[in-house]
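Inspection log for the structure reproduced underneath, given as structure tokens.
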Amino acid sequence: VRVLRTRLKTGVLSIVQDSTEENRTIQLLHEQKRLLDNIMRHSSNGISVGEMIRDDSGSNIRVRTIVANDAAVQFTGLSKEIYLSKTAAEIDPSFIHSGYFKACIRCMETGEPFLTQYYLENIGRWLEVSVSRMDEERQIYIFTDVTPVKEAQLALERSAQKLQTIINRTQSG
């Protein structure tokens, strides 16, 4: 219970209020915060939240990361301070003209999540990224480094292309 007392000219006014539900709600919020903090801290996937920055006409023109877990920072190869203070285009100038950015805009407009692979040129890593709209201004990005798998896939594709070129240029069957 919560007790409030105020001195009056003719005595004391006491108010007793049942705060059981309020305390339960506060306890539940603390539990949820601890759970979310543990998910962010212990996830092997990068998890970040980006906020859309709009121009005067309301068009999405930039994205700034506002929350990032340690795995996200590790996968991008940036310090947390840089990751959270720069826009995506400042970190990776090719981002703003990429199909990935266009898909992020489409996701914001339609609410349809998507999965893609994106090459971070400045650090030479491939990330597989799942993108979902959280609300009208923010998206959540869950990603992992798939560089070894992608490099093996690209090497295999180059070998297949070389073999096809040799077969196409051969005079005999």
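Some points to look at:
- If only the Cβ of Lys and Arg carry +1 and only the Cβ of Asp and Glu carry -1, the dipole of the chain around its Cα centre is close to 340 debye.
- Here the calculated FRET efficiency for SER79 and LEU28, from their Cβ-Cβ distance with R0 = 41 Å, stands at 0.75, rounded to the nearest 0.05.
- Between the beta carbons of PHE114 and MET40, assuming R0 = 25 Å, the FRET efficiency works out to 0.65 to the nearest 0.05.
- Accessible surface for the chain, divided over its residues, is 70 Å² per residue with a 1.4 Å probe.
- Within the range 102-122, backbone nitrogen closer than 19 Å to the virtual label 7 Å beyond the Cα of SER57 toward Cβ: 102-110
- In a simple Cβ point-charge model (Lys, Arg +1; Asp, Glu -1; nothing else charged), the range 67-148 has a dipole of about 100 debye relative to its Cα centre.
- Sequentially through the range 97-106, phi angles give Karplus couplings (6.51, -1.76, 1.60; θ = phi - 60°) of 9, 8, x, 4, 5, 4, 5, 5, 5, 4 Hz, Gly and Pro residues having no value and appearing as x.
- Degrees, to the nearest 10: 147-169 long Cα axis against longest axis of the chain: 20
The values are calculated or read from the model by the stated rules, or taken from the named source; none is laboratory data. Source: prediction; values computed, not measured. Cβ coordinates were reconstructed from backbone atoms using ideal geometry, including for glycine residues, and neighbour counts include every protein chain displayed. Quick note on the areas: whole protein, heavy atoms, side chains included, nothing else; ligands and nucleic acids left out. Shrake-Rupley method; radii C 1.70, N 1.55, O 1.52, S 1.80 Å.
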